[in-house]
């Protein structure tokens, strides 16, 4: 987990006491045109604020839609190594949305086992979401529709 310190930057305008010896782009100080005002940038030491890298990142979504037909129920079991939602059911035309965040260096992979039919005999275990870089992805949406 990376933590980034956030601070306040103040810009102060005033006379630069070392203008005589300062040079831009390698131009000798005597040939350079000098402004009478300089700019100083300093950081104020106020309250420290910390933010996790993933905090500002919009959550990713896995969307599962049952389009099997009237009266047909979709059974789904979605999981990844740190979370298991257990077996759940989705009626026809219903939508299930799972929100998640990527874990950064640990590649996040979600699998769902989808089943339907008499005694749930038709099934498919699919990788429904995979983080494609070691950096967290933001606002990713993966839509999976079950249909005959």
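The values are calculated or read from the model by the stated rules, or taken from the named source; none is laboratory data. Since this is a predicted model, take the numbers as computed values, not measurements. All Cβ positions, even for glycine, are placed from backbone atoms using ideal geometry, and neighbour counts span all protein chains on display.
Within segment 120-148, being part of a loop (DSSP other than H, G, I, E, B) and either farther than 18 Å from residue 95 by Cα or over 21 Å from the mean Cα position of the chain (by Cα) (or both) holds for 121, 131, 132, 133, 134, 135, 136, 137, 138, 139, 148.
The lone criterion from (1) assigned to a loop (DSSP other than H, G, I, E, B); (2) farther than 18 Å from residue 143 by Cα; (3) modelled with pLDDT of 90 or more left unmet by residue 87 is number (1). Just one of the listed residues (62, 107) is modelled with pLDDT of 95 or more and within 26 Å of the chain's Cα centre (by Cα), namely 62. In segment 92-114, the residues that are assigned by TED's automatic domain parsing to the domain that holds residue 142 and farther than 18 Å from residue 66 by Cβ never reach a residue that is part of a loop (DSSP other than H, G, I, E, B) and at pLDDT 95 or above with C-beta atoms less than 9 angstrom apart, at least six apart or across chains.
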